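Structure, as C-alpha cells:
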Amino acid sequence: MKAHAVVALPASMAAYARGLYAFLRELDQRGCDVIIASPPAEQGLGVAIANRLRRAAGPRPSA
C-alpha cells in the first residue's frame, strides 16, 4: 500500500526536539520504508536535531 504524510515543523526548535523521537518511532511502527526530512539550521538546538536525523538515516540492523 502506498501512503504519504506531510508533517508541518513545529514553530520552535524545542518543540521539534521534543517530538522527534516519538514521530520517528510512530513512522517506524507504521512500517514506513522512506522518510524525507529537512534538517533545521545547525545553530543552537538545531545541531542536536540535525545530528539525530543523520543517525536515524544511517544503516539499521536486521531484525
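Read-outs: derived from the displayed coordinates by stated rules, not from any lab. Predicted, not measured: the structure shown is a model, and the values here were computed from it.
What to note about this one:
- Volume per residue that the Cα convex hull of the chain spans, once the total is divided by residue count, Å³: 92
- Between helix 13-29 and the chain: long-axis angle, C-alpha atoms, 0 to 90°, nearest 10: 10
- Length added when fully stretched, residue 57-residue 30, from 0.36 nm per residue minus Cα-Cα: 8.0 nm
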